[in-house]
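Here the structure comes first, spelled out in structure tokens, and everything after it is commentary.
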Amino acid sequence: MADTDITLDARGLSRAYRRGSEEILALDGVTLSIKRGEFVSFMGPSGSGKTTLVNLLGCLDNPSAGELHLAGKKIFGEGKRLSERELTVVRREVFGYIFQNFYLVPSLTVRENVAVPLAFYRKPGAEAEVDRLLKLLGIEHRANHLPREISGGEMQRVAIARALVNRPEILLADEPTGNLDSRRSTEIGEVLQELNRSSGLTIVMVTHDPGLAKLGGRHIEMRDGRAYEG
Amino acid sequence: MISKFQIAYKSLLRKKVRTLLTVVGITLSSLVLVSLFGFNQGYEKALNHDIDNMGYQIMVMAKGCPYEAATLMLQGGKGLRYMDPGMVRDIAKRPEVQATTPILMQAFFDPNKGESGGIAGYFGVDPSSYPAMKPFLRFRKGSWFVSDTAREVVMGYEAAELEQREVGDMTMVPEKNVPLKVVGILERTGTQDDGTIFVPLKTLQQIAGTDKITTIGIKAKKDADLVRLENELYQLPDVQVVSFSQVKQTIMKLIGTARVMVLSIALIAVFIAMVGVANTVLMSVYERKQEIGILKTMGAMPHDIFVLVWTETLMLCAGGSVVGIMAAMLCNGITDLFIRRLLPYAPSGGLVAIDFRLALYTLGIILVVGLLSGLYPAWQAGRMRPLESIRSE
């Protein structure tokens, strides 16, 4: 996939869930494009479909209808649905993910947590990224600590480093500051902003925090499964 | 950089007590399994060793003599049946026979033995043929008799210890009050010879007041047709033929039933341990659902997760079985004693023989069974979908 082509293009994306006999439409025909180097934040009340949309954009879930193109290549759409194996290939080539709950491996040190993705897939030269990211994110001094020995803000920094170790094109962040106090939230926000500015990393973020949302150059409001440009 | 192996190893360390208990289960089942395999191998080896150390493969005795031991115990030797020594020459002429040796077994009542007296057994052997048939017998002190009529005894290692006799001491044949001089004490052989008192055949015949014998030991030529020889010997009148290969077969048949039962118990123990492994790994997989989901978002393929979980199973089984096999090797003597107390008859020498080949064989079995038990948890983990796993709080 050529770097210059990386763009997320969603056309009429819908996602319905079945709960008993009832069908719930979590996402209702969203159409949007995200260009390379953009920092897009999604806001909206709970159940508005923002996480569902980000999961679809990040190839973590299959849509019920609509199409998703990644760098011009159709991932989902009419007659096109990738297998779990194919989705994994797309995910590890293109995306990095961070979540509200960090999900660090508790038995591994900070350095090992950052290096975990390399045990499964390694882009050329990715080994050097571990130390570079530890330094860049200011957690170098915590490299040999276990997750239980560091603060929540530091845990999220480790998660960010882990997401970036294979040099993804797009970073998907689902409520990255949801478990942090305001000071740590601001710090993580600034880290993401700096990553976007300095390396042109495309960031797609879901947040409840208006202050954090403002950091993104582009703001999308979600309501009732639909997306509205802010 | 971190490898899948390190990730698996550190995952196991997360719940140390659970991992330890699982490993202990595998250790115990490996210990039981390898000990029983060792017993299967060792018992037959020990029996063969005992039979080989008899020096002869076939014994011919007067009819009724298989019950000789009981007769000796009950009637103090008075009910024994005897054979004519001339039979030795007849048997020796047969083409399959390499050597023969006449033996007279005698028992005398010793009022000083035990609380209410007991039987003292003597083994009258021919100095010209018996030692040649058992060249592996070594003397701790002294040597064989000076002549076939000497008033001398050679004592087995344990018999000398029990009687507290040294070379040069005198010993008295109870009931007959005949003094005999100890001229030799054998080294320990690990066979029934250790408890035997040997007397020159003619001397014992003289003491017992008979010119007969009770037994003829027959050593067959190499490549001789033993079955044919046995059949020919059966044709002799009033004799009983005891073939040690038959004795061995009979004992192995008797012990075979016990071996099957104990082996079944061992396999059940292995099965239970493996259910424990499957349970431990499956619990660990379910507890780490979100973590597995994250690994998948980071690019881990289903087979990567499968291998990761399978590696954990492999580590548990390899760790447990290596410790179990080593413990079995170290506790060999205790296991031997324990089995000896349970068995009605046990040959001398080590009953449990665990060698490197057997250890590898057991390790292989535990690993294969362990990997089979890890298949389901590994498959479950491999097929987890990332989003569902991450959401499964």
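The values are calculated or read from the model by the stated rules, or taken from the named source; none is laboratory data. Source: prediction; values computed, not measured. Glycine also receives a Cβ, built like all others from the backbone with ideal geometry; neighbour counts cover every protein chain displayed. With ligands, DNA and RNA removed, areas are computed over all heavy atoms of the protein, side chains included. Shrake-Rupley method; radii C 1.70, N 1.55, O 1.52, S 1.80 Å.
Of note:
- Answer from A:ALA65, A:ALA10 - the residue that is away from chain B (no Cβ under 14 Å) and buried (at least 22 other Cβ atoms within 10 Å of the Cβ): A:ALA10
- Restricting attention to region B:89-110 and to residues that are part of a strand (DSSP E or B) and open to solvent by 60 Å² or more (accessible area, probe 1.4 Å), the residue that is modelled with the highest pLDDT turns out to be B:GLN98.
- Candidates in region A:175-198 are the residues that are in contact with a Gly (Cβ under 9 Å, 6 or more places away or on another chain) and closer than 30 Å to A:PRO124 by Cα; of these, the one that is surrounded by the fewest Cβ atoms within 10 Å (Cβ to Cβ) is A:GLN193.
- Matching residues in region A:79-125 - criterion: being under 20 Å from the mean Cα position of the chain (by Cα) and free of Cβ contacts under 8 Å to residues at least 12 places away in the same chain: A:GLU84, A:ARG85, A:GLU86, A:THR88, A:VAL89
- Once region B:154-175 is narrowed to residues that are outside any loop (DSSP other than H, G, I, E, B) and in contact with a Lys or Arg (Cβ under 7 Å, 6 or more places away or on another chain), the residue that is surrounded by the fewest Cβ atoms within 10 Å (Cβ to Cβ) is B:MET170.
- Restricting attention to region A:110-129, the residues that are surrounded by fewer than 22 Cβ atoms within 10 Å (Cβ to Cβ) and more than 9 Å from every other protein chain (Cβ to nearest Cβ) total 6.
- Any hit, region A:168-187, residues being free of Cβ contacts under 8 Å to residues at least 60 places away in the same chain, assigned to a helix (DSSP H, G or I), within 19 Å of B:ILE2 (Cα to Cα) and β-branched (Val, Ile, Thr): no
- Looking across A:ARG132, A:ARG148, A:ARG142, one residue alone is open to solvent by 10 Å² or more (accessible area, probe 1.4 Å), touching an Asp or Glu at 6+ places or on another chain (Cβ under 7 Å) and more than 9 Å from chain B (Cβ to nearest Cβ). It is A:ARG142.
- A single member of A:GLY37, A:GLY72 is within 16 Å of the chain's Cα centre (by Cα) and away from chain B (no Cβ under 13 Å), and it is A:GLY37.
- So A:ALA159, is it within 13 Å of chain B (Cβ to nearest Cβ) and part of a helix (DSSP H, G or I): yes
- Subset tally (residues that are open to solvent by 10 Å² or more (accessible area, probe 1.4 Å) and more than 14 Å from every other protein chain (Cβ to nearest Cβ)) for region B:305-324: 6
- Qualifying residues in region A:85-109 (those that are part of a loop (DSSP other than H, G, I, E, B) and at the interface with another protein chain (Cβ under 8 Å from one of its Cβ atoms)) - the one surrounded by the fewest Cβ atoms within 10 Å (Cβ to Cβ): A:PRO106
- Enumeration of residues in region B:9-67 that are open to solvent by less than 50 Å² (accessible area, probe 1.4 Å) and not in a helix (DSSP H, G or I): B:ASN53, B:MET54, B:GLY55, B:TYR56, B:ILE58, B:MET59, B:VAL60, B:MET61, B:ALA62, B:GLY64
- B:ILE2 falls short on exactly one of the conditions (1) in a helix (DSSP H, G or I); (2) surrounded by 17 or more Cβ atoms within 10 Å (Cβ to Cβ), and that condition is (1).
- Any hit, region B:245-257, residues being among the β-branched types (Val, Ile, Thr) and without any contact (Cβ under 8 Å) to a residue 24 or more places away in the chain: yes
- Take the conditions (1) within 28 Å of B:MET61 (Cα to Cα); (2) surrounded by fewer than 13 Cβ atoms within 10 Å (Cβ to Cβ); B:GLN246 misses just one of them, which is (2).
- Residues that are hydrophobic (A, V, I, L, M, F, W, C), open to solvent by 10 Å² or more (accessible area, probe 1.4 Å) and within 25 Å of A:GLY58 (Cβ to Cβ) were ranked within region B:271-304; the one that is farthest from the other protein chains (Cβ to nearest Cβ) is B:MET301.
- Taking the criterion of being of a type in the set (Gly, Ala, Ser) and more than 10 Å from chain A (Cβ to nearest Cβ), the residues of region B:9-57 that qualify are B:GLY25, B:SER29, B:SER30, B:SER35, B:GLY38, B:GLY42, B:ALA46, B:GLY55.
- When B:ALA208 is tested against the conditions (1) closer than 30 Å to B:GLY168 by Cβ; (2) surrounded by fewer than 19 Cβ atoms within 10 Å (Cβ to Cβ); (3) more than 19 Å from the chain's Cα centre (by Cα), the lone failure is (2).
- Unique residue being in contact (Cβ under 8 Å) with a residue 12 or more places away in the chain, within 30 Å of B:THR250 (Cβ to Cβ), surrounded by fewer than 19 Cβ atoms within 10 Å (Cβ to Cβ) and out of contact with any strand residue (DSSP E or B) (no Cβ under 8 Å at 6 or more places or on another chain) when the list is B:LEU343, B:LEU351: B:LEU343
- Check on B:GLY124, more than 29 Å from B:ILE58 (Cα to Cα) and in the same structural domain as B:LYS221 (by TED's automatic domain parsing): no
- Selection of region A:36-59 for residues being small (Gly, Ala, Ser) and more than 17 Å from A:ALA71 (Cα to Cα) yields A:SER41, A:GLY44, A:SER46, A:GLY47, A:SER48, A:GLY49.
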